[in-house]
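Report on one structure; see the data block that follows.
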Amino acid sequence: MFHGCFTALVTPFDPDGAIDWPAFDRLIERQIGAGVHGLVACGTTAESVTLSGEEWRAVALRTIQKARGRVPVVVGSGTNDTRESIARTHFAKAEGADAAMIVCPYYNKPTQSGLIAHVEAIADAVEIPLILYNVPSRTVADLAPASVAVLARHPNVLGLKDATADMARVASYRAMCPEGFVLFSGDDASQIGFMAMGGDGVISVTSNVAPKRVVALQAAALAGDFARARAENAQLAQLHEALFKETSPAPAKACLAALGLCGDHLRLPLVAATAALRPLLAEALAACGATVDG
């Protein structure tokens, strides 16, 4: 169930800043129609830290309901407050999420012992598969491979999304974690290397824009056909780079707006992609052949 291309969904907003539910539904249908292996709601790409508690619950529930069991849904329920993370994880389970994603607590700067205790408290409180999420470029806290290995022994900890782009870590995880521990890349540009080192898939920003290409890339990598995976990635390379020239998800939303799929609106303190970036995004869209259908 947990392999291949999982899309870290954006949350579309209207010009007044409210969630654009018709656009959100269209984005979900486009992703499933393009063959993605799963959806991730309320992650970084969803601008989750600017969603109110009520909005967070609404986005999580809408994703689960609209997916209708066609693909697994992972809900980002981790925060920098362990008690709130437990409450959100309880909600995700109660509403039918297939897994919950637990980001390293941001701003608090916990030690490795604190990171382990945070996850174990959630895993002990809620019986749902948990995917750890290590993105130190955003959180400052960096979950070390040795800490991942400790947590991987908990029966409710399913896997890890690693957004460090450090390929050596993948080998460490495979050597230190139990068989069957799921490893997702959280860095689109290096996902082929991640897969070659023993990864199981990607939780992708790029697939918001070009889901069919990322699905094809992952299918090839999972089959061990890295020549084909490289060929697919060659079509995506410009897009991978352009989508992270400015803070994500601003470039992704600009691309989706160019395709007519949703508005180009973010919540402060994030702002829309600059005029200087937009020609690069247009070139990247042309290079990968993304369309309204994927």
Inset, instruction - Search the stretch 100-117 for residues being surrounded by fewer than 24 Cβ atoms within 10 Å (Cβ to Cβ) and of a type in the set (Gly, Ala, Ser), and hand back the single one that is nearest to residue 60 (Cα to Cα). - result: 117
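Just a yes or no: is a residue in the stretch 62-83 basic (Lys, Arg) and either modelled with pLDDT under 95 or at positive phi (or both)?
So the first thing to find is which residues in the stretch 62-83 are basic (Lys, Arg), and the list is 62, 66, 68, 70, 83.
Subsequent filtering for residues that are either modelled with pLDDT under 95 or at positive phi (or both) retains 68.
Yes, some residue in the stretch 62-83 is basic (Lys, Arg) and either modelled with pLDDT under 95 or at positive phi (or both).
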Legend entry - Breaking point among (1) touching a residue at least 40 places away in the same chain (Cβ under 8 Å); (2) in contact with a Ser or Thr (Cβ under 8 Å, 6 or more places away or on another chain), for residue 261: (2)
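Here's the yes/no breakdown for (1) more than 14 Å from residue 7 (Cα to Cα); (2) among the hydrophobic types (A, V, I, L, M, F, W, C):
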site	(1), (2)
44	no, no
51	yes, yes
55	yes, no
59	yes, yes
72	no, no
83	yes, no
89	yes, no
92	yes, yes
Legend entry - Filter result (surrounded by fewer than 19 Cβ atoms within 10 Å (Cβ to Cβ) and among the polar types (S, T, N, Q)) within the stretch 1-51: 50
Legend entry - Exclusive hit being loosely packed, with under 15 Cβ neighbours inside 10 Å and within 18 Å of residue 192 (Cα to Cα), set 223, 229, 216, 275: 223
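For the stretch 1-30, which residues satisfy the criterion of being in contact with a Pro (Cβ under 6 Å, 6 or more places away or on another chain) and either of a type in the set (Val, Ile, Thr) or within 18 Å of residue 76 (Cα to Cα) (or both)? Walk me through how you get there before you give the answer.
Taking the stretch 1-30 and keeping what is in contact with a Pro (Cβ under 6 Å, 6 or more places away or on another chain), we get 1, 10, 20, 23-24.
Selection gives 1, 10, 24.
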Inset, instruction - Out of the residues in the stretch 118-166 that are of a type in the set (Val, Ile, Thr) and out of contact with any helix residue (DSSP H, G or I) (no Cβ under 9 Å at 6 or more places or on another chain), state the one that is surrounded by the fewest Cβ atoms within 10 Å (Cβ to Cβ). - result: 140
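Could you say which residue among 59, 71, 75 is among the hydrophobic types (A, V, I, L, M, F, W, C), out of contact with any Ser or Thr (no Cβ under 8 Å at 6 or more places or on another chain), surrounded by 18 or more Cβ atoms within 10 Å (Cβ to Cβ) and free of Cβ contacts under 8 Å to residues at least 60 places away in the same chain?
Working: 59 fails: out of contact with any Ser or Thr (no Cβ under 8 Å at 6 or more places or on another chain); 75 fails: out of contact with any Ser or Thr (no Cβ under 8 Å at 6 or more places or on another chain).
One residue alone meets the criteria, 71.
The values are calculated or read from the model by the stated rules, or taken from the named source; none is laboratory data. None of these values were measured; they are calculated from a predicted model. Virtual Cβ from ideal backbone geometry, glycine too; neighbours counted across all protein chains shown.
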